[in-house]
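Shown next, in structure tokens, is the structure this report addresses.
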């Protein structure tokens, strides 16, 4: 089950982390297809200006102004990363959130208790009411990650979502796992709906392939590192209940000397998308982003331009 928001999996800090052997933990079940999905462009629409400012080693704020047909307004964000270092580039707790001028707010708290237990709490408030809430708990060892998630649980009308996940490392390259999801509530036919999924992932130094399937759906991804600055990703998703299937091909190219990163994708629905990021200066933190998406079948598209400072 994907998170409603996509916060960083761990915090970063400038404090020196104690040396430790590399972890053999396979990661969480939600990260099965992450290497391929990281290649795909994150398309946006309209104009966007974002200013990010680090106030200390542990605290950062951001100011974002969006002008688009779907969302126009100002948003303030803040991120706090604690000093509880659990590994290189990994520190807890992590507290982040953002709010707009209307008071719509999202917040995430991520904390790890010792080397094995981690919890994540998320909430979303819209128009003065709680629009969504989710809590997850994970146990991580060198060989597996097991976790449970409770989302939008309402004890008054007996509704919500329960998810249990397990991902285990069989060899240095092969991981297998399972996910059980149960949605229940008075609006669901029969009172509840359950899905059991099985997954596997094979990882090498230059490529990774992952497969997850259930009775009603299939999800396959492939990542390939062609060169240090060039990577490809392929993703196939099919849902028998919705009667659709989509294959998407994407690539990411980097020009480090020019400060340019380009991501593009094309899928079987005839949708072409691309995002280019260009660092304007080697000494000043100014980055410009250009985004575009065009669906040839529907003759629809959206385009955006952004400036990131910080």
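Remark: the residue 253-residue 227 segment gains 8.4 nm on full extension, using 0.36 nm per residue and subtracting the alpha carbon distance. Ranking of 169, 75, 298 by neighbouring Cβ atoms within 10 Å, starting from the fewest: 298, 75, 169.
For the stretch 25-77, the relative contact order is 24 percent, taking Cα pairs closer than 8 Å that sit 6 or more residues apart in sequence and dividing their mean separation by the residue count.
On full extension, the segment bounded by residue 198 and residue 307 gains 35.1 nm, given 0.36 nm per residue less the C-alpha separation. The distance between label points at residue 213 and residue 298 comes to 2.9 nm (points 7 Å beyond Cα on the Cα→Cβ vector). Of the residues 149, 141, the one with the fewest other Cβ atoms within 10 Å heads the list, and the complete ranking is 141, 149. Straightening the chain between residue 78 and residue 130 buys 16.7 nm, computed as 0.36 nm per residue apart minus the Cα-Cα spacing. The label point for residue 164 and the one for residue 236, both projected 7 Å from the Cα toward the Cβ, are 3.1 nm apart.
Considering helices alone, the calculated mean residue ellipticity of the chain at 222 nm is 0 deg cm²/dmol, with DSSP H runs of length four and up weighted by -39500 (n - 2.57) and normalised per residue. Please give the FRET efficiency for residue 117 paired with residue 152, using the beta carbon to beta carbon distance and R0 = 25 Å, rounded to the nearest 0.05. About 0.60, to the nearest 0.05. Cβ-to-Cβ counts within 10 Å put 188, 308 in ascending order as 188, 308, the fewest first. A Förster radius of 41 Å, combined with the Cβ-Cβ distance separating residue 270 from residue 206, puts the computed FRET efficiency at roughly 0.85. Averaging the sequence gap over all C-alpha pairs within less than 8 Å and six or more residues apart, then dividing by the number of residues, gives the chain a relative contact order of 15 percent.
Determine one quarter of the surface area of the Cα convex hull of the stretch 29-309, which equals its mean projected area, and express it in nm² to one decimal.
17.4
Values quoted throughout were computed directly from the atomic coordinates according to the rules given, and no laboratory measurement underlies them. Fair warning: this is a prediction, and the values are worked out from it, not measured in the lab. Positions of Cβ are generated from backbone atoms using ideal geometry, with glycine treated the same way; all protein chains shown enter the neighbour counts.
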